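The values are calculated or read from the model by the stated rules, or taken from the named source; none is laboratory data. All values derive from a computational prediction rather than experimental measurement. In this analysis, Cβ positions are derived from the backbone assuming ideal geometry, glycine residues included, and neighbour counts consider all displayed protein chains. The protein model used for the area step is the full one, side chains on, heavy atoms only, and it has no ligands, DNA or RNA in it. Shrake-Rupley method; radii C 1.70, N 1.55, O 1.52, S 1.80 Å.
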Amino acid sequence: MNPRYPIYIPSKGRAEKCLTAKFLDAEGVPFLLVVEPQEAEAYTAQFGSRRVVSLPFSNLGLGSIPARNWIKDHSTKFGHERHWQLDDNIRQMWRRIDGIKLPCESGPAFAAVEDFADRYENVAIAGMNYYMFAPNRRPMPPFYINVHIYSCALVLNSFSHRWRGIYNDDTDICLLVLADGWCTVSFNQFLAEKQQTMKMKGGNTAELYKGDGRLKMARALERVWPGVVETKRRFKRPQHVIKDA
């Protein structure tokens with residue numbers, strides 16, 4: 001069983017270590033790598049030309065924002081109701097059964113999230129929670145409603161909002177759709193295990209996160225969402241925090 005909506009993986013500087021593409025390839029799940037033109041040849045050498053799409057721009061200095069908006073437009077152009085956007089540093093998928101995390105095939109996991117989202121008219125973004133946020137034996141509901149969707153998102157093409165800014169684009173787009181009356185759904189039954197942000201070379205690590213990248217990320221979101229987001233120190237580092245309604 002594979003997902004019926006297309007999977008896009010925006011990637012930069014990680015042709016030889018694109019973890020997401022590698023595990024999807026091993027499982028036979030179709031995907032498209034979305035890369036800048038100067039890197040298309042390197043990605044094609046690793047994953048084949050049918051899996052690589054070249055962007056019409058490069059080195060804009062805006063992180064993944066232009067690629068994410070291009071992906072949504074590309075999916076819409078080809079008539080898809082939704083599409084997946086996956087970060088390029090995901091290792092594998094897991095499923096919680098009786099409170100225990102077990103490795104699972106990603107195809108059925110994607111399909112299950114799609115089936116759920118398609119039951120409703122107001123789900124703008126759905127996806128898998130992080131592996132690290134679901135400890136074994138901790139009681140958790142099957143999903144959370146109206147929360148941040150990280151790194152592994154099923155996006156509805158019909159909402160009008162665009163990714164913007166540079167930092168914390170996933171949090172910002174979720175806040176935009178929630179403010180507009182849409183819903184988001186984060187699944188705890190299916191989990192994405194990924195490399196920690198800023199711990200893997202390539203991507204936007206060197207381009208955007210020089211110096212105190214964590215503080216830059218938090219402050220940028222706080223400026224865009226005053227009264228909604230505040231910067232605090234959590235996990236021994238600066239972190240944005242969404243205030244309770």
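For THR197, the stated conditions do not hold, so it cannot be described as hydroxyl-bearing (Ser, Thr, Tyr) and at pLDDT 70 or above. If you go through region 219-245 and pick out every residue that is modelled with pLDDT of 70 or more, acidic (Asp, Glu) and not in a strand (DSSP E or B), you end up with 1. When LEU176 is tested against (1) within 25 Å of PRO66 (Cβ to Cβ); (2) touching a residue at least 24 places away in the same chain (Cβ under 8 Å), exactly one condition is not met: (2).
Only a single criterion out of (1) open to solvent by less than 20 Å² (accessible area, probe 1.4 Å); (2) touching an Asp or Glu at 6+ places or on another chain (Cβ under 8 Å) is not satisfied by SER75, namely (2). Within the span defined as region 157-170, every residue fails to be in contact (Cβ under 8 Å) with a residue 24 or more places away in the chain, among the aliphatic types (A, V, I, L, M), closer than 24 Å to VAL229 by Cβ and out of contact with any helix residue (DSSP H, G or I) (no Cβ under 7 Å at 6 or more places or on another chain).
Anything in region 84-100 that is more than 24 Å from LYS17 (Cβ to Cβ) and crowded, with 16+ Cβ neighbours inside 10 Å? List them, or say none. ARG95, ARG96, listed by residue number.
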